[in-house]
Amino acid sequence: MTYRPTRRTILIATGATGATALVAGCGDSDGNGDSASTSTTSPGQDDQDGQTGQEGKELGTTSEIPVGGGKIFADDKVVVTQPETGQFKGFSAICTHQQCTVATVADGTINCPCHGSKFNITDGSVAHPPATRPLPEKKITVDGNSIRLV
């Protein structure tokens, strides 16, 4: 049987100081010590295997991702953001709170409609609870105007 704490338990357990410690304790590593997750390839630039960045499924184009915002690719369960011009990040579109699919990207956050969790577009970290863990990063590559899931 899996224990799922109630909202009251979380609020009581975290309090103001505890919430800060809880969020700070959530790392952005993928568990193997490698925290880099977004790879970019310039147009025509060869990858180490001699390919030109054509691996993976094409999600969309860079012109679809607004600067300071992002786009949700619900079928692939991926959110692609562009925190700064030319900087693209990929994250899971599944909220870490109760596994709802996030619905919007606005005002610098990725937003879950189920319970109001918000995540930063720059690193997927929690910007607003009840989620306590960041969105997992998804590896993407940019080749020219094409964004691909690795």
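The values are calculated or read from the model by the stated rules, or taken from the named source; none is laboratory data. For clarity, every value in this text was computed on a predicted model and none was experimentally measured. Please note: Cβ atoms are built from the backbone with ideal geometry, for glycine as well, and neighbour counts cover all protein chains shown. With ligands, DNA and RNA removed, areas are computed over all heavy atoms of the protein, side chains included. Shrake-Rupley method; radii C 1.70, N 1.55, O 1.52, S 1.80 Å.
With the simple spin-label model, which puts each label point 7 Å out from Cα in the Cβ direction, the Asp75 to Ala106 separation comes to 2.5 nm. Surface calculation, 1.4 Å probe, protein heavy atoms: Lys138 sits at approximately 80 Å² accessible.
Which order do you get for Thr61, Thr122 if you rank them by accessible area with a 1.4 Å probe, largest at the top?
Numbers: Thr61 35, Thr122 75 Å².
If we order Thr61, Thr122 from most to least accessible, we get Thr122, Thr61.
The figure for Thr101 is an accessible area of roughly 60 square angstrom, using a 1.4 Å probe on the protein chains alone.
Taking 7 Å steps out from each Cα toward its Cβ at Thr62 and His128 produces label points 3.1 nm apart.
Taking all protein chains together and rolling a 1.4 Å probe, Cys100 ends up with roughly 30 Å² accessible.
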